[in-house]
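K.L.:
Okay, handing you the structure first.
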Amino acid sequence: MDRRIVILSGLAALAASRAMADAPPGPAAEPMPPPPPPPSGPPPSGYAEDEIVHKVSDFMGVTAEAAGGVVEKTFKEKGRPTGYIAGEEGSGAFIGGLRYGKGLLYMKGRPPEVVYWQGPSIGFDWGGNGSRVFVLCYNLYYPDAIYRRFPGVDGSAYFIGGMGVNYQKADTITLAPIRAGLGLRLGANVGYLSYSRRRNIIPF
């Protein structure tokens with residue numbers, strides 16, 4: 001009796017295994033959706049006008065009204081800057097001139113980075129000075145993009161409330177250095193500034 005039960009149990013197990021083998025396959029599991037592509041284009045970060053006015057006022061040691069006049073005009077022409085440089089520079093000229101500077105580049109979401117600049121100029125220009133400089137950076141989305149030569153834009157200089165601004169441009173990046181007081185030299189000049197990671201004594 002026990003032997004029959006064992007035989008019947010074995011036959012039942014064999015029949016069940018064959019039924020499972022002959023059954024049609026079930027629906028395949030749906031594949032996981034691919035991850036979304038990384039965002040393209042530059043990040044939409046920038047500095048508001050009030051924020052820049054306070055930073056220029058504090059760093060340059062001028063009133064908010066004086067800083068507001070020159071910053072307002074720059075914002076109207078260029079919009080929100082994506083970064084700025086706060087630094088110091090020295091320059092001198094007699095027909096031909098030289099300018100050297102050093103500062104910190106600030107961009108939202110990134111640590112400050114040391115930047116040097118140097119360059120020649122030529123024109124109806126004379127005198128010497130040392131001053132603080134606040135440079136507004138437009139269309140600069142990565143710090144490495146600033147390390148190049150920026151020629152001055154002809155006719156871009158203007159003066160408001162004892163502060164002077166001129167534009168420098170390379171490709172799509174525009175820099176707007178703001179200088180005040182002793183930073184304003186008599187005369188006019190054309191030239192370029194080369195921004196670098198290290199100090200270069202020879203500015204060419």
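The values are calculated or read from the model by the stated rules, or taken from the named source; none is laboratory data. Small disclaimer: the values here were computed from a predicted structure and weren't measured. Ligands, DNA and RNA are excluded from the accessible area calculation, which covers all protein heavy atoms including side chains. Shrake-Rupley method; radii C 1.70, N 1.55, O 1.52, S 1.80 Å.
K.L.:
What order do PHE75, PHE150 take when sorted by accessible area (1.4 Å probe), most exposed first?
P.N.:
Numbers: PHE75 25, PHE150 0 Å².
In descending accessible area the options line up as PHE75, PHE150.
K.L.:
Let me ask you something else. Rounded to the nearest 10 Å², what accessible area does MET60 have for a 1.4 Å probe in the complete protein model?
P.N.:
Surface open to solvent at MET60 totals about 30 Å².
K.L.:
Largest first, how would ARG148, ARG198, ARG132 line up by accessible area (1.4 Å probe)? Don't jump to the answer; show the numbers that get you there.
P.N.:
Working: ARG148 75, ARG198 175, ARG132 115 Å².
Listed by decreasing accessible area, they come as ARG198, ARG132, ARG148.
K.L.:
If amide H atoms are built 1.01 Å from N in the plane of the peptide, which residues on other chains or at least 5 residues away come under 5 Å of the amide H of SER194?
P.N.:
Amide H to amide H, under 5 Å and 5 or more residues apart or across chains, SER194 pairs with GLN118, GLY119, PHE150.
K.L.:
Could you put TYR106, TYR158, TYR138 in order of accessible surface area, largest first, with the 1.4 Å probe and the full protein assembly present?
P.N.:
Numbers: TYR106 70, TYR158 30, TYR138 10 Å².
The ranking, largest first, comes out as TYR106, TYR158, TYR138.
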